[in-house]
Amino acid sequence: MVIRKLPGSMWLGLVLITLSSLAHLWLEIDRGTRVAPQLKAGPDLVAHTYEVITTVQALDRSVQDAERGQRGFLITGDSAYLDAYRKGTADAPGLLARLKQLTLDNPEQQRRWPNLEHQIDIKFAELRRTLDARERQGFDAARQIVQSNVGLDAMQAISGLIDAAIAAEDALLRERLARATEFERAGRNAAFAGGLLALVVLALGLGLVLMAFRNFLRADARRHESDERFRFFVGGVTDYAIYMLDPHGHVVEWNAGAERIKGYTASEIVGQHFSRFYTEEDRASGLPDRTLEKVVRDGKHEEEAWRVRKNGTKFLASVLIEPLRDGTGQLVGFAKITRDIDERVQQQQALAQYQKMDALGQLTGGVAHDFNNLIHVIKNAAELLEKRLHNIDADARKYLDMLKRNAERAASLTHRLLAFSRRQVLDPKPIHPNNFTIDVTTLLEQTLGESVALETVLAAGVWWIAADASQLETAILNLALNARDAMAEGGKLTIETSNAFLDESYARAHTEVKPGQYVLIAVSDTGCGMTKDIAAMAFDPFFTTKEMGRGTGLGLSQVYGFIKQSGGHAKIYSEPGEGTTVKLYLPRLSSAHVAPIQPRAPAIPAPTGQETVLVVEDDEDVCRFTADVLTELGYRVLTASDAASALRALEAGSDVDLLFTDIGLPGGVNGRQLADEALKRFPGLRVLFTTGYTRNAVIHHGRLDPGVNLITKPFTQTSLAEKVRQELDNRSDK
């Protein structure tokens, strides 16, 4: 009855309250069943996308690690490189399986993985074949497999598929970011509607208003939590710079990846215009503003371009910019994703440079043997003529001197080419850099002249190194002479020593550099300096800035080849007008390998003898001259052109005292194999090897095998006499 007495306005109010409550209830149900789950799912989907991307990148690294390990083993024969190869090949199948599982809901990616798996199988099969060929048949067999380009084609296909997969995930990421933004906007609109409804209800009843306000606060808290989770996921990404711009190009959001790549903290960059990431030339031309206009007009902008970090250094970046719009189509800002691809490009350039150097080195080594044989004949013929022709006229002696002088120059040229190609024979011994530098300084003071002031800066506690002292001396002498030529009006040359550590990041940016402890020997001058383009080519063979006739262009390349063959690293720093510094890094020698060097009294060579020497040489001229020289020295000489005839001569009972054999012999049996067989039959036989080419059966990684005695072509009559006498005397000492 009381209810019937209520005024109509109250009934109307109750109806309005009921309707508003129902409307509010509907909004809450919609937020709980549609909007909130989407807001919650947004960060999860973003995290899933990043997981796919990082897994693809890990797969890419595993394949590259496998190839890097295989390449290192092929080049050096060091089995330690196989660790990277085994790990890469072991990790790749699991990562690929993980990708298939992660992208079950993505048909595009699912169609991509079988092709990627097939290309990886091809690449790994090629790696296994080259490694097997390297172990069973040697470097040349493995190189032939590599030069078939099967592995290169597979690697290019793998890179293309991986880039496509990452691009697809990037697109999916952008879609999910836009979707998350849209649902966030929907959440805000719903919250606003709920607040407006709460104000209406406030006019009809305080209780309903309080309840609606409480629900609004709860919804806002959930939305804030969702926003924070989204920022947490995006902010934790370090491989990509992901940040937001307002419609005018000012930074409003900044993640950890942006801080790592560009160098700015969020507090330093938020509110600043994004144009500061562009080069000075691009800013002056108005490129940043034109880029945003293009994004608004085209809906998207992608490019690879140079960007600038906080410290002023440039890096090559892959850039993606997309506009962000609200539900009405109004521009609210821009989403920007930047990826640093500078390191990848540098690695590709370094690999191309290494392949160029390696190809030239192989060409150099390939002709060295025959070239040295030719020089050997010419030099010895000139010496024999000089000995036998005592009374020759001045013109004949002039021509003979010209012949000898140019033969020496040709031999020096071959030596430099072998040094560049890392195929010279090294005899590394423990060296203390400070003592060595002091000794070299004495030589340089006599060489450089009075116009160059020489200064040494020797650090205390410098570690020992292991290097070929004569080659290191030649390297520093080459650098000093180049420095003198760069200081036409005189100047100062400084040689410094110190300890150094090359870390992982430096090693990744420089091909063949292993992270670790090194000794630095730096040679600096105050000369004219070089531009960056010239400095980049300074180590190339035959490259020179000197005028015609003043240099072969092999001095710096010889330094580079020696340092690389010694396991070190060389770097040039130069500015036009500011001088040049060449830094030589040589690996630290463990203290366990440092032993005092006992001085040896120089042996007095006995130039003649009466023993029997068997000369095995397939080059008829070289064989004849060698036999003539040994005969003149008093030895009884037998000759053979291959291993089979040499063994027959040994078996004939000629009482051979010394086997003097070239390493490269025809008939499928080389000099090392001949010596091994001869020593089995005649244990007391002495063996002396000769060669004009250092990639052979007795030299590995540029160093003689233990217990092997060698004289390299072209050799002089004096050096041959001393070496033969030394080998024969070693037998008598035992």
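Computed values, structure above
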{"read-out": "Any hit, region 677-689, residues being surrounded by fewer than 19 Cβ atoms within 10 Å (Cβ to Cβ), at pLDDT 85 or above, among the aromatic types (Phe, Trp, Tyr) and over 23 Å from Ile375 (Cα atoms)", "value": "yes"}
{"read-out": "Matching option when the condition is open to solvent by less than 40 Å² (accessible area, probe 1.4 Å), over 17 Å from Ala164 (Cα atoms) and over 22 Å from the mean Cα position of the chain (by Cα), among Gly151, Gly138, Gly88", "value": "Gly138"}
{"read-out": "His390 vs. criteria outside any helix (DSSP H, G or I) and at pLDDT below 70", "value": "yes"}
{"read-out": "Selection status of Phe183, among the aromatic types (Phe, Trp, Tyr) and modelled with pLDDT under 80", "value": "yes"}
{"read-out": "So Ala466, is it open to solvent by less than 60 Å² (accessible area, probe 1.4 Å) and not polar (S, T, N, Q)", "value": "yes"}
{"read-out": "Odd one out for Ser267, checked against (1) surrounded by fewer than 15 Cβ atoms within 10 Å (Cβ to Cβ); (2) at pLDDT 90 or above", "value": "(2)"}
{"read-out": "Qualifying residue in region 108-123 (condition: farther than 18 Å from Glu169 by Cα and hydrophobic (A, V, I, L, M, F, W, C))", "value": "yes"}
{"read-out": "Hits in region 498-526 (condition: assigned to a strand (DSSP E or B), without any contact (Cβ under 8 Å) to a residue 60 or more places away in the chain and farther than 30 Å from Ser451 by Cβ)", "value": "Phe501"}
{"read-out": "Boolean, Thr661 is surrounded by 18 or more Cβ atoms within 10 Å (Cβ to Cβ), closer than 21 Å to Pro683 by Cα, at pLDDT 90 or above and not acidic (Asp, Glu)", "value": "yes"}
{"read-out": "Any hit, region 291-306, residues being of a type in the set (S, T, N, Q) and either within 16 Å of Tyr240 (Cβ to Cβ) or open to solvent by 50 Å² or more (accessible area, probe 1.4 Å) (or both)", "value": "no"}
{"read-out": "Residues (farther than 20 Å from Ile341 by Cβ and either in contact with a Gly (Cβ under 9 Å, 6 or more places away or on another chain) or not charged (D, E, K, R) (or both)) located in region 291-312", "value": "Leu292, Val295, Val296, Gly299"}
{"read-out": "Ala480 vs. criteria assigned to a loop (DSSP other than H, G, I, E, B) and among the aliphatic types (A, V, I, L, M)", "value": "no"}
{"read-out": "Arg136 vs. criteria at pLDDT 85 or above, farther than 20 Å from Arg61 by Cβ and in contact with a helix residue (DSSP H, G or I) (Cβ under 6 Å, 6 or more places away or on another chain)", "value": "no"}
{"read-out": "Within region 579-597, tally of residues that are at pLDDT 85 or above and within 17 Å of Pro433 (Cβ to Cβ)", "value": "9"}
{"read-out": "Total residues in region 119-155, condition assigned to a helix (DSSP H, G or I) and among the hydroxyl-bearing types (Ser, Thr, Tyr)", "value": "1"}
{"read-out": "Enumeration of residues in region 55-106 that are in contact with a Phe, Trp or Tyr (Cβ under 8 Å, 6 or more places away or on another chain), polar (S, T, N, Q) and not in a helix (DSSP H, G or I)", "value": "Thr103"}
{"read-out": "Asn380 vs. criteria open to solvent by less than 80 Å² (accessible area, probe 1.4 Å), part of a helix (DSSP H, G or I) and modelled with pLDDT of 70 or more", "value": "yes"}
{"read-out": "Neighbours by Cβ (under 9 Å, 6+ apart or cross-chain): first from region 616-641, farther than 13 Å from Ala721 by Cβ; second open to solvent by 50 Å² or more (accessible area, probe 1.4 Å) and in a strand (DSSP E or B)", "value": "Val616/Thr639; Glu617/Thr639; Cys623/Thr639; Arg624/Thr639; Ala627/Thr639"}
{"read-out": "Residue list for region 521-556, filter: of a type outside the set (A, V, I, L, M, F, W, C) and either at pLDDT 70 or above or closer than 24 Å to Trp464 by Cβ (or both)", "value": "Ser524, Asp525, Thr526, Gly527, Gly529, Thr531, Lys532, Asp533"}
{"read-out": "Residue among Arg600, Arg624 that alone is at pLDDT below 80 and among the basic types (Lys, Arg)", "value": "Arg600"}
{"read-out": "Selection status of Ile495, crowded, with 18+ Cβ neighbours inside 10 Å, not in a strand (DSSP E or B) and not acidic (Asp, Glu)", "value": "no"}
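Residue-wise test of (1) part of a helix (DSSP H, G or I); (2) open to solvent by 60 Å² or more (accessible area, probe 1.4 Å); (3) touching a Phe, Trp or Tyr at 6+ places or on another chain (Cβ under 6 Å); (4) at pLDDT 85 or above.
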residue: Ala157; (1), (2), (3), (4): yes, no, no, yes
residue: Ala178; (1), (2), (3), (4): yes, no, no, no
residue: Arg188; (1), (2), (3), (4): yes, yes, no, no
residue: Gly195; (1), (2), (3), (4): yes, no, yes, no
residue: Ala198; (1), (2), (3), (4): yes, no, yes, no
residue: Asp239; (1), (2), (3), (4): no, yes, no, no
residue: Glu253; (1), (2), (3), (4): no, yes, yes, yes
residue: Arg260; (1), (2), (3), (4): yes, yes, no, yes
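The values are calculated or read from the model by the stated rules, or taken from the named source; none is laboratory data. Owing to the predicted nature of the structure, the values given are computational and were not obtained by experimental measurement. Here Cβ is always computed from backbone atoms with ideal geometry, including for glycine, and neighbour counts include all displayed protein chains. Ligands, DNA and RNA are stripped out before the accessible areas are found, and what is left, the full protein with its side chains, is counted by its heavy atoms. Shrake-Rupley method; radii C 1.70, N 1.55, O 1.52, S 1.80 Å.
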